[in-house]
1. Within region B:71-83, is there a residue that is within 28 Å of B:Thr250 (Cβ to Cβ) and not hydrophobic (A, V, I, L, M, F, W, C)?
2. For region A:191-201: of the residues being surrounded by fewer than 23 Cβ atoms within 10 Å (Cβ to Cβ) and not basic (Lys, Arg), which is nearest to the other protein chains (Cβ to nearest Cβ)?
3. Considering region A:167-180 alone, what residues qualify as being at the interface with chain B (Cβ under 9 Å from one of its Cβ atoms) and assigned to a helix (DSSP H, G or I)?
4. Does B:Ala177 qualify as being within 12 Å of chain A (Cβ to nearest Cβ), surrounded by fewer than 20 Cβ atoms within 10 Å (Cβ to Cβ), of a type in the set (A, V, I, L, M, F, W, C) and touching a helix residue (DSSP H, G or I) at 6+ places or on another chain (Cβ under 7 Å)?
5. Filtering region B:89-124 down to residues that are surrounded by fewer than 19 Cβ atoms within 10 Å (Cβ to Cβ) and of a type in the set (A, V, I, L, M), which residue is farthest from B:His152 (Cα to Cα)?
6. Residue pairs, Cβ under 7 Å, 6 or more apart or interchain, first in region B:96-125 and free of Cβ contacts under 8 Å to residues at least 24 places away in the same chain and at the interface with chain A (Cβ under 9 Å from one of its Cβ atoms), second of a type in the set (D, E, K, R) and assigned to a loop (DSSP other than H, G, I, E, B). List them.
7. Output the number of residues of region B:221-233 satisfying the condition of being surrounded by fewer than 24 Cβ atoms within 10 Å (Cβ to Cβ) and not in a strand (DSSP E or B).
8. For B:Gly156, which of the numbered conditions (1) within 14 Å of another protein chain (Cβ to nearest Cβ); (2) surrounded by fewer than 23 Cβ atoms within 10 Å (Cβ to Cβ); (3) over 16 Å from B:Phe95 (Cβ atoms) fails to hold?
Amino acid sequence: MSVSTLAVARPRRLGGILMGGRSLRIGLVGFALIAVLALLAPWIAPYDPTALGLADGLQPPNAAHWFGTDQLGRDILTRVLHAARTDLQIGTIGVIIPLIIGAVLGLFAGYYAGWPDAILGRIVDVVTAFPFLVLVLAIVAMLGPGLTNFYIAITLVSWVAYARIVRGEALSARGRGYILAARSLGYGDMRIMFRHLLPNVMVPAFVFGMSDFVLDILAGASLGFFGLGVQPPTPEWGVMIAEGRNFIITAPWVVIFPGLAIIVTSFFVSLVGDSASDIVRRVHAP
Amino acid sequence: MRRKEALEVDRLTVTFAREGRAVVRNVSFTIAPGDALGLVGESGSGKSLTCRAILRLMPRGAAIGGRITYGSRDLLALCDGEMQVLRGSSIAMVFQDPLTALNPVLRVGDSIAQVIQAHGGLGRRAARMRAIEMMERVGIRDAGRRAAAYPHEFSGGMRQRIHIAMALAARPTLLLADEPTTALDVVVQAEILRLLDDLRRQEGMSLLLVSHDFRVVAGLCDRVGVMYAGELVEVGATQTVLRRPEHPYTIGLMNSLPEAVVGERLRAIPGSPPDPGRLPQGCAFAPRCELARDSCTTAPIPMAEALRGHSARCIRRDQLDEMRRGLVTVGAAGT
């Protein structure tokens, strides 16, 4: 099925369909809510995320600390809210930079075909040969822990997915009439690629970006768990789970709440991604 | 008055090297400034590729041979950059299917304005104004508002008008129209043809019109060329070709028009065109021709002039009278 005639053939209606799906609406609203909570964390969180209160360590959820406190007496609700900022940032940056790089390279490969396509194809094959998390871990282990290195690793690994998607779309769209018509009007390759081809091939890449967002948050949490991602005391869901793992029997709330935060966020984003891809498929269907 | 230039195509050949197929062979014709030439032939006769070769927009693997000159410029010798500047501004093209020829994600006004900006060096605002002007010229009512619409919001005929507006936006002096009305219904077809004809006269443009339909060409073109199996088999003034065709294939083509044989069964030409990879020696039409003799298939048939400016590639022209009998006059489409 060719994907790109579809959605883009009816830009106005796409907006209507997007708002029409129920699961999509739930996903969007839920995700927006989380994003708002994350943005407002410094103002709505009841405590300071790094303030220690050793005397109050490992309190179960109660009226003063709704989610309880961790081993250092820090308020878990506060830390979960602040961690949302970090984790959403990981998801966003982890999608946008690879999306841009992958889309540009995929566009070149798909438009020119021939040897640029062959070279890109080989590189993509090599990167794809490794499991995602293993490669991210290996790169971070090489560069050293920290958020910046994590972004570098994510970018190095996940641009290939976007490149492959955009390249495939571009390869099929370059044969369309409007590209030939654009050439017959004396447009240069750059104009044709970025102004004519790109808007017609981006939708599937955006849809993939939604599921990639979840993957990036999970990767960030996993690396945080291993101590390779965000460094304490900065709150991050994965780090919080890692730090609380020794108390999983005696004080399960320390790990349960950040874990729930990951699950709920992933759920809403997946909902958006899945229904968006359904819609793309429906609109694209002949 | 704008600069007038003649298009001269000399022994044009298009070959797909890998498969060794010559799909256009030795095609020569001239279009004088402001003139209109029609190319007629069935699908696969090479007329579209002839058209695209002039803009050097070839499919992958196709090589162009021969010589194409426009004014003083040798088009096949230009570098890619020079050719690119020429496309749209001097020579523009209208394609068959207006839906696929328009970018679905661009508003039509922006599509037209982009042509003007790319060639005319006008600013955004001025280009937009001119785009709306162009839409009015091609007969789109309420152009100022419609400029903000997307291609799918227009009917087929309106889309073709917009496509024509794009092609003419940078004021080309030669327009190549590749089956511009084939995808449209008959009523709309006549309107679009009239529009093309009017614009051509107003702008003093030359026109190369490709069609499989004699009637379309008859309405718009002073001269017509008939193509068969990649070759030009007959070329001459439209009126003389229609009145006194000099090639059996032209006669067959005219006979297979529905209106040529009212009340009778359609007279299709028996057989099918040859595979461009395995062309017969001599006349490519000989296997389907009732006049063919051994001499037709021994050597390539040269173009021979019958009247001044009317030539055909047939050595048995003196035998055509019988075939011409019963030929009905072909009227122009839309008139």
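1. no
2. Looking only at region A:191-201, we keep the residues that are surrounded by fewer than 23 Cβ atoms within 10 Å (Cβ to Cβ), and these are A:191-195, A:198-199.
Now narrow it down to the ones that are not basic (Lys, Arg): A:192-194, A:198-199.
Details: A:Ile192: 10, A:Met193: 13, A:Phe194: 12, A:Leu198: 9, A:Pro199: 4 Å.
The qualifying residue nearest to the other protein chains (Cβ to nearest Cβ) is A:Pro199.
3. A:Gly177, A:Tyr178, A:Ile179, A:Leu180
4. no
5. If we take residues in region B:89-124 being surrounded by fewer than 19 Cβ atoms within 10 Å (Cβ to Cβ) and of a type in the set (A, V, I, L, M), then B:Leu122 is farthest from B:His152 (Cα to Cα).
6. B:Thr100/A:Arg176
7. Of the residues in that region, 1 qualify.
8. Result: B:Gly156 fails condition (3) only.
The values are calculated or read from the model by the stated rules, or taken from the named source; none is laboratory data. Note that the coordinates shown come from a computational prediction; the quantities given were computed from them, not determined experimentally. Positions of Cβ are generated from backbone atoms using ideal geometry, with glycine treated the same way; all protein chains shown enter the neighbour counts.
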